[in-house]
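The values are calculated or read from the model by the stated rules, or taken from the named source; none is laboratory data. From a predicted model like this one, the values you see are computed outputs, not experimental measurements. Cβ sites come from the backbone with ideal geometry, for glycine too, and all protein chains shown count toward neighbours.
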Amino acid sequence: MKIVQAPEQVLSQQAKPINKIDKSILDLIEEMKKTLVGATDPEGVGLAAPQVGKSLQLFIVKPTPKDDFSIFINPKVTLIHDTEKPTTSKKKKEDKRLEGCLSLKDIWGTVKRAPKVAITWQDEHGVQNQKEFSGFFATILQHEFDHLQGILFPKRVLEQSGKLYKSHKDEQGEEVFDPIEL
């Protein structure tokens with residue numbers, strides 16, 4: 001499958017719920033898996049249906065090549081912000097990560113995300129699930145869930161007064177990040 005690129009309209013629309021998990025949805029999931037595994041520059045860790053041109057509330061996640069795919073259909077995400085007060089005088093480290101997107105080639109930005117999320121969803125068998133995730137997996141879930149809301153990560157970067165970067169390879173083949181002036 002082809003990964004659509006911004007400013008493709010499907011990327012800025014709220015995705016439609018999936019009413020029935022039938023053969024067409026299962027086939028779409030299989031094609032999305034192949035597409036995500038094939039995304040090597042940069043390597044993808046998640047893929048939402050809008051990114052392959054389908055306005056459906058579906059995304060897949062595979063944080064590392066060794067992990068199995070996790071399938072999320074009609075997800076509902078609740079952000080869990082850390083409300084605990086630090087017990088020492090040191091400031092608690094913010095959960096900021098450099099994010100990229102397969103639909104925004106060579107664009108990167110640092111996004112502060114909730115450190116933990118609670119999510120309810122259906123899997124590919126129609127089974128309802130509920131679980132909390134933290135760390136990198138929680139970041140991926142928030143990024144992919146944003147896709148279902150028609151939000152691309154640069155919007156989050158700008159909301160947080162962050163910076164965006166354009167990447168390219170230097171003469172040695174190393175990744176270089178140049179700030180984008182807005």
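The table below lists the values:
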{"read-out": "Test: residue in the range 114-131 that is in a strand (DSSP E or B), basic (K, R) and either at pLDDT 95 or above or in contact with a Leu (Cβ under 8 Å, 6 or more places away or on another chain) (or both)", "value": "yes"}
{"read-out": "So T139, is it in contact (Cβ under 8 Å) with a residue 12 or more places away in the chain, touching a strand residue (DSSP E or B) at 6+ places or on another chain (Cβ under 8 Å), among the hydroxyl-bearing types (S, T, Y) and more than 19 Å from Q51 (Cβ to Cβ)", "value": "no"}
{"read-out": "Residue list for the range 13-56, restricted to those being part of a loop (DSSP other than H, G, I, E, B), exposed (fewer than 14 other Cβ atoms within 10 Å of the Cβ) and either basic (K, R) or in contact with a strand residue (DSSP E or B) (Cβ under 6 Å, 6 or more places away or on another chain) (or both)", "value": "P17, K20"}
